[in-house]
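The values are calculated or read from the model by the stated rules, or taken from the named source; none is laboratory data. Just so it is clear, the structure is predicted and the values come from calculations on it, not from any experiment. Cβ atoms come from the backbone with ideal geometry, glycine included; neighbour counts cover every protein chain shown.
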Amino acid sequence: MFQQTFKNIDDILHKDAGCGSELDYVEQTSWVLFLKYLDDLEKDKATAAKLTGKTYTNIIDPEYQWANWAAPKLIDGKIDHNALTGDDLADFVNIKLFPYFKKFKASALSPDTIEYKIGEIFSELKNRIQSGYNLREVINRIDELRFRTHAEKHEMSHLYEDKIKNMGNAGRNGGEYYTPRPLIKTIIKVVDPKIGNTIYDGAVGSAGFLCEAFDYLASAGSATKSGLSTGDWEKLQKKTFYGKEKKSLAYIIGTMNMILHGVEAPNIVHTNTLAENITDIQEKDRYDIILANPPFGGKERAEVQQNFPIKTGETASLFLQHFIKILKAGGKAGIVIKNTFLSNTDNASVSLRKLLLENCNLHTVLDLPGGTFTGAGVKTVVLFFEKGSATKKTWFYQLNLDRNLGKGNPLNEKDLAEFIALQKLALSGVEGTAETENSWSINIKDIDQTTFDLSAKNPNKKEEAALRKPAAILKEIKALDEESAAVLNSIKALL
C-alpha cells in the first residue's frame, strides 16, 4: 500500500514545476505525510483518553485539522468534491496553513514537546508544489494511508527510509544523509545500548542511527514478558535520543523520520555542531553512547577550527575530537570514518590518533570494502571505543566479500554476521579465538610511537601470486613448444 502510494506521488511531483529532483519529492511528500500522521496520532490519543475516562484536547485547531482542510469526507467516506483545490488550495496552504503551524514553536511549553517540533518543521519548510491541482492529488493519495496499527507504522517508517535512501543517491550532497541500514544495525548490536543510556549523534542527517537505536531498545523491551514499563517508555520518548544537524533539509528529514518511527518529540537541534567550543563541554553535556557517521571530505573555516585543540580543516577529524570530548567516562562509541584516518601522516592525524589511543580503549576496528556507501568513492572503517582507559590492544576485522558492492548489490546484515560473532570472542579475552583469515589483533606498544600508524594491514591474508607479464608468458610458451618438438623428433627417430 505505502510503496505504490509513494511511487504515485513521485509521478505527480515529477510533473510539478516547483519540484526538480528526488530531494524535492522527499521534502514535499514529508510535510503532507507528517500532517496526515499527526491527524491519526490525535485520533489515537483521543481514543486512549476516552477509554480511561479522560478528555483529550486537540493540538490543532479545527480549521487546520486534516479532516477539514485536506480531506473533508462525504457520508460514503469519499473525499468531498467541494474540497479545496487549485489556486484556492495553494493559497490556503501558503498563506494560512504554514504560518499557523510556524507559530507553534513560540507557543509551545518546552522544546521537548511535539508542538515545538511542529513549529520547528514548518519554520524550516516551505511548500514547493506550485500547482494546487497536483497538491490535491498528493493529498488524496496520502489520505488513503493509515498509521493506526503498529504494523502499519512499521511498514511506513521503513518505506520512508527507502525514500531517504533514494534521496541520498540524488546528488546535491544527499549521500551525507544516508548510511546503509545493515551497517547501522551492526554497529548498534556491537555497542549494545541499554534503556537509561543517553544516545547522541552530532551529525544526525536523516537520523538513521537514532531511529535504529530506538527500534533496538523498543524491541528489547517487547522481547520480555512484561514489555517496557511506563517509565522506560517515557525515557525512550524524552530522555534517550539526542542529535544535532547543520543542514536544513537533513534536519527536517531527520526530525520527521524519528517522529514517524515513534519518537514523538525528538531532541534534535538545528545547529552547526562544530561551531561549539569543545572546551565549554561540561559533565552535564556528556552522553553514554555515541553513534555517528560524520561527513568527511568537507572543510571548515579557520574560526571553526579555533574551537578545537587539534587544528585541521577536515570535518571528520573535528567531529572525532568533539565525540571524544562529549562522551562520558565509561561511555561507548561506534563511529564511521574514512580509512585514511588510520595512516595519514599529517600532524593533525597523528595527534588525533594519539589522543584517541591515550584517552579511549579503541578495542575494535571494522574495515569496510569499497562500495559500502553508494556513490561514494572512499573506503571507510568503523571505530569502536570506550572512554576512560588507554588502548592496549585493538582487534581488526576486514570485511572481504566475494562480490562487488553497488547500488544493485548492497551490503546486507548477513555479510556482517561473522564480524559480530568474532567480535564477541575478541572482547571475551580468550587468546587466538578471534584470529581468522579476515581478522587479527595488534598490541599498541608494538606500533610506531611517533606516528601511531594503525593501518589495517592483514597479516593473515594469503598473498595472491602476482600476475606475470605477457612477454614472460610468451617466452614460456616458446620454450614448451621447443620441448614438445624435441620429444616428437625423438619419437620419429625410433620409428
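Which ones in the range 142-156 are surrounded by fewer than 20 Cβ atoms within 10 Å (Cβ to Cβ) and part of a helix (DSSP H, G or I)? Of everything in the range 142-156, those that are surrounded by fewer than 20 Cβ atoms within 10 Å (Cβ to Cβ) and part of a helix (DSSP H, G or I) turn out to be ASP143, HIS150, ALA151, GLU152, LYS153, HIS154, GLU155. Looking at the range 384-397, is at least one residue assigned by TED's automatic domain parsing to the domain that holds VAL304, basic (Lys, Arg) and closer than 25 Å to ARG286 by Cβ? Yes, the conditions are met somewhere in the range 384-397.
Regarding ILE75, is this residue in a loop (DSSP other than H, G, I, E, B) and modelled with pLDDT of 95 or more? In short, no. Looking only at residues in the range 65-90 that are under 38 Å from the mean Cα position of the chain (by Cα) and free of Cβ contacts under 8 Å to residues at least 12 places away in the same chain, which one is farthest from ARG141 (Cα to Cα)? So, considering only residues that are under 38 Å from the mean Cα position of the chain (by Cα) and free of Cβ contacts under 8 Å to residues at least 12 places away in the same chain, the one farthest from ARG141 (Cα to Cα) is ASN68. Filter the range 363-385 down to residues that are buried (at least 18 other Cβ atoms within 10 Å of the Cβ) and under 22 Å from the mean Cα position of the chain (by Cα), then give me how many there are. Final tally of qualifying residues: 14.
Within the range 54-82, how many residues turn out to be farther than 30 Å from TYR116 by Cβ and in contact with a helix residue (DSSP H, G or I) (Cβ under 9 Å, 6 or more places away or on another chain)? Quick ask: steps written out before the conclusion?
Quick first cut of the range 54-82, residues farther than 30 Å from TYR116 by Cβ only: 73-82.
Next, from what is left, pick out any that are in contact with a helix residue (DSSP H, G or I) (Cβ under 9 Å, 6 or more places away or on another chain): 73, 79.
Residues meeting the conditions: 2.
Taking the conditions exactly as written (surrounded by 15 or more Cβ atoms within 10 Å (Cβ to Cβ), touching a residue at least 24 places away in the same chain (Cβ under 8 Å) and within 33 Å of the chain's Cα centre (by Cα)), does LEU23 satisfy them or not? So LEU23 passes the test.
Each row is one residue, and each column tells you yes or no for (1) out of contact with any Phe, Trp or Tyr (no Cβ under 7 Å at 6 or more places or on another chain); (2) modelled with pLDDT under 90; (3) more than 27 Å from LEU422 (Cβ to Cβ).
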{"site": "ILE188", "(1), (2), (3)": "no, no, no"}
{"site": "GLY196", "(1), (2), (3)": "yes, no, yes"}
{"site": "GLY202", "(1), (2), (3)": "no, no, yes"}
{"site": "GLY205", "(1), (2), (3)": "no, yes, yes"}
{"site": "PHE209", "(1), (2), (3)": "yes, no, no"}
{"site": "GLU212", "(1), (2), (3)": "yes, no, no"}
{"site": "ASP215", "(1), (2), (3)": "yes, no, no"}
{"site": "GLY227", "(1), (2), (3)": "yes, yes, yes"}
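Any residue at all in the range 429-440 that is assigned by TED's automatic domain parsing to the domain that holds ILE184, within 21 Å of GLU212 (Cα to Cα) and not basic (Lys, Arg)? Show your work before the answer.
Start the filter on the range 429-440 by keeping residues that are assigned by TED's automatic domain parsing to the domain that holds ILE184, which leaves 429-440.
Filter again for within 21 Å of GLU212 (Cα to Cα), leaving none.
Taking every residue of the range 429-440 in turn, none turns out to be assigned by TED's automatic domain parsing to the domain that holds ILE184, within 21 Å of GLU212 (Cα to Cα) and not basic (Lys, Arg).
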